[in-house]
1. Within segment A:469-514, how many residues turn out to be under 32 Å from the mean Cα position of the chain (by Cα), more than 21 Å from A:Pro531 (Cβ to Cβ) and assigned to a strand (DSSP E or B)?
2. Please give the number of the condition B:Val18 fails out of (1) in contact with a Ser or Thr (Cβ under 9 Å, 6 or more places away or on another chain); (2) more than 10 Å from chain A (Cβ to nearest Cβ); (3) outside any loop (DSSP other than H, G, I, E, B).
3. For segment B:95-116, enumerate the residues that are of a type outside the set (A, V, I, L, M, F, W, C), within 14 Å of another protein chain (Cβ to nearest Cβ) and part of a helix (DSSP H, G or I).
4. For segment A:226-273, which residues satisfy the criterion of being under 18 Å from A:Val556 (Cα atoms) and of a type in the set (Phe, Trp, Tyr)?
5. In segment B:29-80, how many residues are buried (at least 21 other Cβ atoms within 10 Å of the Cβ), among the aliphatic types (A, V, I, L, M) and within 14 Å of another protein chain (Cβ to nearest Cβ)?
6. What pairs come out if I take residues in segment A:207-229 that are under 22 Å from A:Glu14 (Cα atoms) and pair them with residues that are not hydrophobic (A, V, I, L, M, F, W, C) whose C-beta lies under 7 Å away, six or more apart or interchain?
7. Please verify whether A:Asp192 is closer than 30 Å to B:Met58 by Cβ, buried (at least 16 other Cβ atoms within 10 Å of the Cβ), modelled with pLDDT under 80 and away from chain B (no Cβ under 14 Å), treating the condition exactly as stated.
8. Checking B:Asn60 against (1) of a type outside the set (Ser, Thr, Tyr); (2) at pLDDT below 85; (3) farther than 23 Å from A:Thr60 by Cα: exactly one of these is not met. Which one?
Amino acid sequence: MSEDTDFEMEEMQEIIDDFLVEADELISSLDNNLVELESQPENLDLLNEIFRAAHTIKGTSSFLGFDQVTDLTHKMEDILNKLRKSDLKVSTNIMDILLESLDLLKVLIENVREHKDEKLDLDDIIKRLVVAFEGKDQPASPEPALEVTNLPENTTTETKTVTKEVSEVQPASILSSASTPVPVVDEEHTNDEIKSKPPKKASEQTIRVDVDRLDTLMNMMGELVLGRNSMVQTVGKLVSDNEGDYNLEQLTSSSNSINFITTELQMAVMKMRMQPIGKVFKKVPRLVRDLSRDSGKDIALVIKGEATELDKSVIEEIGDPLVHIIRNSCDHGIESPEDRIAAGKPKQGTVQLIAEQEGSNIIIKIVDDGRGLDVEAIRNKAVERNLTSRTEVDNMSDKEVFKYIFGAGFSTAKKVTDVSGRGVGMDVVRTNIEKLNGMIELESELGQGTTISIKLPLTLAIIQGLLVQSDEEVYILPLSSVHETVKSEHSEIYYVNKKPVLRLREDVIPIINLGEVLRESSAGFTLTEKPYIVVVGLAESKIGIIIDKFLGQEEVVIKSLGDYLGTTEGVAGATILGDGRIRLIVDLIGLFNIAKKIK
Amino acid sequence: MDRIILVVDDSPTVIKFVSFSLKNKGYKVVTACDGMDAVEKISNMSEKVDLVITDLNMPNLDGYGLIDTLRHNDEFCETPIIILTSEEEEEDKQKGIQVGASSYLVKPFKPALLVNEVEKYLKN
């Protein structure tokens, strides 16, 4: 840290905070642009953008006395400068060194953020950067097209000093193995667009706001929604009781406009918390590039819909599951080039990452054209692990069988690799998606590929609730988890192990009695004369809830039950409805858990 | 009357660093994120800018372009311009002086050094 005493502590911290935000943005753009550069080594605009990012980090870090950051970016900048002046050519070796430097840079920036004073050992990478800068890497490359050109005889002062350092280095140490660059096909930003993309402005028309303040705003917004609901309901009652009252008509019109404005305001507040999912997708090109390099596969990545927006809290949670799924797709899904050719497929495999909005949900799809899931292998494994019986599993549809892969410790991979196959992946994915009240679906055809669809609510704080009545009590179900509602026909209800299930088209869905399950009554499955079933989904599973009545749909704000009630399983919280009454919001994860426990 | 200084840099960190240094000494600071932005700001201001501090490597309009533009404008042909640069190469500095900069500072520098340089021009 700088020993500068010219600034007040607070000022210094403010400058450092700004630096961290700026560095994060620049690093993330470097991450993407470097991977992109590999497939478009001649793109000068791209090179200039990359150069400028490294240059800026170097400049700003030097102000603040973060010497290691400065040294590293300085050496990166030197190479980038040569690349953009065509004194050097983009090679896989250079890309590897640059990407590795970038990874170290991330660590350095993290250390700054966490006020860690420890120094990293940068000697090795700096030596390699210098060697690469000298153009001496001449890799024994299997791809002659990517070979490095000879260093032209330009001798600036800089090159001279550098040459001295180089003499001690053994160039052989930096030779790396064969590689496959990942062509990133970004359908929304074609090459032309990159060229015309205006460089990022430092002072965009934005201000940074503390997340706590946004949360407060959202909470107050929630209260306002509750107040609005109650007002609208009361006014409605008054009007129907006293028809023709002039003042009441006035009140109605005010109430209507407040109602309207509240809805608009709520949208605006929610939008403020929305961030494009591209923020998460940004990590992916690099991930796919590294995975394909390590495994010797040829994988193209297609990203669509990165502008789709969702709540910040959802964005934060979705990153890890996505990485898991993409890893699986690259590692288990896509075959090696030889296998693909043998199977009559194009040598290059494709992984698609698609986001789209559907009503108040966002759908994220990960599609690969790899080898697909082997249903029989999963059937065998499920029997082997005593999860089900042979007869049962043989009668299941493929879709139902696939659900087993979301179980803990379930893996059919014959060999466990570094990245995946340890059987933890999909389990973690499921848990994360459940936390977000999301649903996950998997489709796969052997030899053709796998599609995983994740459906998530756009926001968590204010939800659309479905009001249902069961045994005199009113409950609220999150509408985003509701698949459909059906009128129960007793002819479609069967018993498996004495538990009722509903046959709905291809699916067999267990059904529960909401009131009884929440009371943890031993029965839990009494099928009285309840006429309706709500089919809800959670991650990969579905369950049918029998109810007496549908009461309507309302926007509800989740309030916690407070400490003394603590965590009541099956209840996510409570809310105040328009009529002023407190109702419980059903927590589907808890509900599923209780239902499983009931014998 | 407060002296007004226009600071042009594409890095918010540098902008903040320079602004704090100058504001602590009682100067009024106006900021711009690139040459183009600077030209726009300077031509829309009702008050006169007393000094310009600019980076060289910037998107849209770079430092050389900005200096050139200002020097060809009657109002700003005499305004002191200090270049902030992390280009160590001599020719870059020379080029800056040639297009009309008054002096240059190489990044990084201490706030005191910057203030010294500014006071060279703005001492009454």
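The values are calculated or read from the model by the stated rules, or taken from the named source; none is laboratory data. What you see is a predicted model; the values in this text were computed from it and never measured. Please note: Cβ atoms are built from the backbone with ideal geometry, for glycine as well, and neighbour counts cover all protein chains shown.
1. Counting residues in segment A:469-514 that are under 32 Å from the mean Cα position of the chain (by Cα), more than 21 Å from A:Pro531 (Cβ to Cβ) and assigned to a strand (DSSP E or B) gives 1.
2. (2)
3. Of everything in segment B:95-116, those that are of a type outside the set (A, V, I, L, M, F, W, C), within 14 Å of another protein chain (Cβ to nearest Cβ) and part of a helix (DSSP H, G or I) turn out to be B:Pro111, B:Asn116.
4. If the condition is that a residue be under 18 Å from A:Val556 (Cα atoms) and of a type in the set (Phe, Trp, Tyr), then A:Phe260 is the only one that fits.
5. Final tally of qualifying residues: 5.
6. A:Leu214/A:Arg273
7. It is false that A:Asp192 is closer than 30 Å to B:Met58 by Cβ, buried (at least 16 other Cβ atoms within 10 Å of the Cβ), modelled with pLDDT under 80 and away from chain B (no Cβ under 14 Å).
8. If we test B:Asn60 against (1) of a type outside the set (Ser, Thr, Tyr); (2) at pLDDT below 85; (3) farther than 23 Å from A:Thr60 by Cα, just (3) comes out false.
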